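For reference, the structure discussed in these notes is given below.
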Amino acid sequence: MKILEVTLAAALSLAVLPAFAQVKAEAAWARPTVQGQQGGGGYLTLTSPAADRLIGGSTPAAQRFELHTMAMKGDVMEMRQVDAIDLPAGRKVELKPGGLHVMFIGLKAPLKVGDKVPVTLKFEKAGELKVDFEVTHKPAAAGHGH
């Protein structure tokens, strides 16, 4: 009887684990940089089964990790830091050139094609998620002028 009670308790504890513990990160990449360039951009797609927020992150490749957005103001593209990026339940949120993205500020070395940038993303509910950003030349999304 004891084994059945322990098995049942373990199964119930797994059933009540919060869904937000499973944020999924896909297609993480960063643009290459040149010697002396202090900042670099990173992009990826995030999906969370439950509503959550990306609130920050860190990387050993840079002094700071920031969340940013870009938007057109008249004829000028403006980049601004944001405090968080909302992740609606079950919907993909794409961080891409010309829109929401992450910034690596105070790069310790140039980002070279083929490198991987280790990043720890921090979520309001889900906690931390480790992701490697591949440094590559990906084409910018159509209409963003990059």
Identify all residues within the stretch 56-92 that are surrounded by 15 or more Cβ atoms within 10 Å (Cβ to Cβ) and of a type in the set (Val, Ile, Thr); write none if there are none.
-> 59, 69, 85
Checked against (1) at pLDDT below 95; (2) within 13 Å of the chain's Cα centre (by Cα), residue 74 satisfies every condition except (2)
Output the qualifying pairs, or none if there are none: Cβ atoms under 9 angstrom, residues six or more apart or on different chains, first residue in the stretch 70-85 and within 19 Å of residue 121 (Cβ to Cβ), second residue of a type in the set (Gly, Ala, Ser).
-> 83/56; 84/56
Criterion (part of a loop (DSSP other than H, G, I, E, B) and either surrounded by fewer than 17 Cβ atoms within 10 Å (Cβ to Cβ) or not hydroxyl-bearing (Ser, Thr, Tyr) (or both)) met by exactly one of 118, 110 = 110
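The values are calculated or read from the model by the stated rules, or taken from the named source; none is laboratory data. The shown structure was predicted, so the numbers you read here are calculated from the model rather than taken from an experiment. Cβ: placed from backbone, ideal geometry, glycine included. Neighbour counts: every protein chain shown.
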